[in-house]
């Protein structure tokens, strides 16, 4: 079968996601999600849950909608002109797109780490302290010091930077900058951490450190990670969601997705027949 020409027929208009997209202990629950950029539809009728303290990997070919979908979960798509999100998206039963919902505290609860490290042009200390200050989480300098230290420790960066907290965050290596951005996300006590290809700009050693960190963080946080690396998805996640042409094809335990997937498109992608 010619994958390129027959993919749309294989998915079909009445496509149903296969596998186990829903869980009992959902932290994030999404149903009938459609996303449009102007007239162009990017996401088609996606429904899935992300469980509490689960690491969910989202994989698929470039342009399949995985990053667009991830950014729906803390309303980052609000910043894109002409982007419209439809459907039900809930964080522990609260409507993420509810009219009365304040986006600022939502983005503290559901933090995001981007593909390219983006530290603020401030000191290492002030990068971490920024969020707690603007969200009014601290009243004393000693409390702020504690949050900065704890966040850097959780991000595996404290020992490397504790003697130079006044140095600019932009002066760190790429891998350190990404861990600084993770520490900055942690500092406002999120419940969920979204990661949009957090290692794509990093070398293998820095990547290994971030992956180790994901395993540690999942004890306390729910994590959703978009990755182009199937090996990374296999290493870090509990379940994996496979997207294709804006549709969610399959969600299953990660080991099953990579050894015995339920859908022929998932199998074609992971065996390298397209992508």
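The values are calculated or read from the model by the stated rules, or taken from the named source; none is laboratory data. Note that this is a predicted model, so its numbers are computed, not measured. We place every Cβ from the backbone using ideal geometry, glycine too, and count neighbours over all the protein chains shown.
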Looking only at the stretch 67-91, which residues are within 15 Å of residue 41 (Cβ to Cβ) and under 16 Å from the mean Cα position of the chain (by Cα)? 68, 69, 72, 77
Given the conditions (1) touching a helix residue (DSSP H, G or I) at 6+ places or on another chain (Cβ under 6 Å); (2) touching a residue at least 60 places away in the same chain (Cβ under 8 Å); (3) over 16 Å from residue 67 (Cβ atoms); (4) surrounded by fewer than 24 Cβ atoms within 10 Å (Cβ to Cβ), every one holds for residue 252 apart from (1)
Output the qualifying pairs, or none if there are none: Cβ atoms under 6 angstrom, residues six or more apart or on different chains, first residue in the stretch 194-215 and in the same structural domain as residue 178 (by TED's automatic domain parsing), second residue modelled with pLDDT under 95 and part of a helix (DSSP H, G or I). none
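Among the candidates 169, 60, single out the residue that is touching a residue at least 24 places away in the same chain (Cβ under 8 Å), on the phi > 0 side of the Ramachandran plot and buried (at least 17 other Cβ atoms within 10 Å of the Cβ).
Numbers: 169 fails: on the phi > 0 side of the Ramachandran plot.
The match here is 60.
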